[in-house]
1. Quick one: order TYR297, TYR366 from most to least accessible surface, probe 1.4 Å.
2. Given labels modelled 7 Å from the Cα in the Cβ direction, how far is it in nm from ILE236 to ASP213?
3. For the range 283-363, rounded, prolate or oblate, judged on the Cα gyration tensor with a ≥ b ≥ c (square roots of eigenvalues), a/c < 1.5 rounded, else prolate if a/b > b/c?
4. Starting from 0.36 nm per residue, how many nanometres of slack lie between ALA420 and MET41 once their C-alpha separation is accounted for?
5. So what are the ³J(HN,Hα) numbers for the range 180-191, from phi and the Karplus equation (6.51, -1.76, 1.60; θ = phi - 60°), rounded to whole Hz, Gly and Pro as x?
6. In whole percent, what relative contact order does the range 1-109 give with Cα contacts below 8 Å and a gap of six or more residues?
7. Return the long-range amide H neighbours of VAL108 (sequence gap of 5 or more, or a different chain), with a cut-off of under 5 Å between placed amide H atoms.
8. For HIS56, what accessible area in Å² do you get when you roll a 1.4 Å probe over the heavy atoms of the protein chains, rounding to the nearest 10?
Amino acid sequence: MSTVRRPDHRNEHRAARGGHATGLRHVLTHLITPLLMCVGMGLAYLGAFAHPAPHHLPVAVVGQGRSAQLLAQSINDKAGGDLDVRTVGDRSAAVERLKHQDIFGAYVISAHGAHGAKGAADTGGTADASVAKGASHGADRASHGADRAGEAGEAGALRASAGTSGAGGAAGPGKPAPELLVATAASDTSATVVQKVFTPIAAQQGAPLKVTDVAPTAEDDPTGQGIFFLLVAISIGSYASVAVIGGAGAVLPLRLRAALALGTSFVVGLIGTAFAGPVFHLVDHGLGGLWGMAWLYSAGILLIGTGLHTFLRRWTTLGVMTLFVMLNFTSSGGIFRPEMQNGFFAALHSFWNGAGFVEGTRSHVYFDGYGLSGHVWTLVWWLVVGLVTVGAAALAEKRRRTAEAEAAAHAAAVAAAAVAATAAVAATVPDPAPERSGRPVRTAGGAAGAGQGPAEAAAELVGEREQEMEEAVGV
C-alpha cells in the first residue's frame, strides 16, 4: 500500500522558509543598532583618550625679576604650544590661582636656585627648555606606563646642570630645594604631567623637587577619578530608565511620562549621593549640594530621552548613548582635562552636561565653591532643553492623534457609505424566481459576499488603521 503524500506539504515547507527569511531580516535590521554603538564608542573613547598630550596647559614659574621671566620664556619657546607658562610674583598668589584652576602647576624657584635659573636662561636656557619640552611630551605617555621620555629628560637635565652649575645653579647641602605646587583635586593626570615637566629643571639645582599638593582629594579617592565613575553610574541609571519609560510606558500620556522621568531622576540622584557619601566615601561633606547637582543632571537626561522617544522610536537608545555616553563621558574632564585633549572634546567640555556635573562637584567639594554657579547653570540649561524637548514631543503626539482620528473617521464614513450603497442595490434588484431556474438565489448582496465588497474593504481599512495606531504607541 503506497503512502499518499499530502499536497500541501511543499506549501508548508515554503511558508516555513519564508517565515525564517522574514525573521532573519528582522534580526539583521535590529543588529544595526549595537554595531553603530560599537563604532561610536570606539571613535569616541579612542579619539578622546588614546593619545593624551598637553595643549596650552597653563603652569607658572613663581619668582620675581629677570631670572623667572627668562626661565618661563625659555620653556614656552621650546614647548611648541604644549605649555602656557606665565610668571607669578609670590607663592601665595600661585596657591590662589591653583585653587581657582587658572593654572595646574607652579614652580617655586628657591633663593639659591634663582641664580641658577638666570644662568641657565642666559647660557643654557635652550637646553632647559628642550628638557622641559621632552618631559611634557613624555608625561602624556606616563599615564599609560611609558616614562622613557621623562627619564631621558631627567638625564638631559643632569647633563645641562653640569654645564650651568658654574653660574651658581647647583644647590649644595642645606640649600632650600625648589618646590612644585599642584592641585590633584583639579586633575591627577594634569598634576602628573606638570611633575614630569619640572622635575628635570629642578635637577639642575642639584636638589630633588619638593611637591606640595594645595588641594588634595578625599582619602578614599586618591586619584580624584571617583567623581567620574559616579558620573558613569548616574548616567547609566538615567538613560536606561529612558528605555523603560519610553517603551513600557508608551501607552501613558506624555505628561505622566514626564512626571515619571522627574521622579526617577529624584531616586537616581539619591542613589548616586549614597554611593559618593556613606558607601564609598568619595565625598566627605556637602552631600546636599551633590544630590542637587545629581538630580539636575539626571533630570536633564531623562526628560531629553523621554521627549526624543516620540521622534526616534527604536533609535532612542542609540541617540541617548551618543549624547550621554560617547560625547559626554569623553568630554567630562573626569580622566583628562580639556587641556590634555584635542580641540573637539576640549570644546565640548565648555558646555556639555557631564562636564558641568564633574567640574561642579569638584568646585563644591574641593575648591570652596569657586566657579560653582557657572557649572550649575550648565546643568540647568540642559534641564531646560529637556523641558523643551518634551514640549515639542507633546505637540507632535497631539498632531499625530488628530491625524489618526481624522483618518479613522474618514474610514468609518466610507464604510457606512458602502453599506448603504450595498443595501440600496439589493433593494432595487429583484430576486429571480427559484422555481424557474432551480438554482440557488444569487442576489447583489450575495455577489458582493462572494468576493470582497465595499463594506468589507472599508472594515479592513479601519482595522489596519487601528493596528497602525497600536504600533505607533507600542514601539
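The values are calculated or read from the model by the stated rules, or taken from the named source; none is laboratory data. What you see is a predicted model, and the numbers here were worked out from it, not measured in a lab. Cβ sites come from the backbone with ideal geometry, for glycine too, and all protein chains shown count toward neighbours. Protein only, heavy atoms only, side chains kept; ligands, DNA and RNA dropped before computing areas. Shrake-Rupley method; radii C 1.70, N 1.55, O 1.52, S 1.80 Å.
1. The ordering from most to least exposed comes out as TYR366, TYR297.
2. That separation, rounded to one decimal, is 2.7 nm.
3. Oblate, because a/c is 1.5 or more while a/b does not exceed b/c.
4. 130.3 nm
5. Coupling constants for the range 180-191: 10, 9, 9, 9, 5, 5, 6, 4, 5, 5, 5, 4 Hz.
6. Contact order relative to length: 25 percent.
7. So VAL108 has HN proximity to VAL62, GLU179, LEU180, LEU181.
8. Counting only protein heavy atoms, HIS56 exposes about 120 Å² to solvent.
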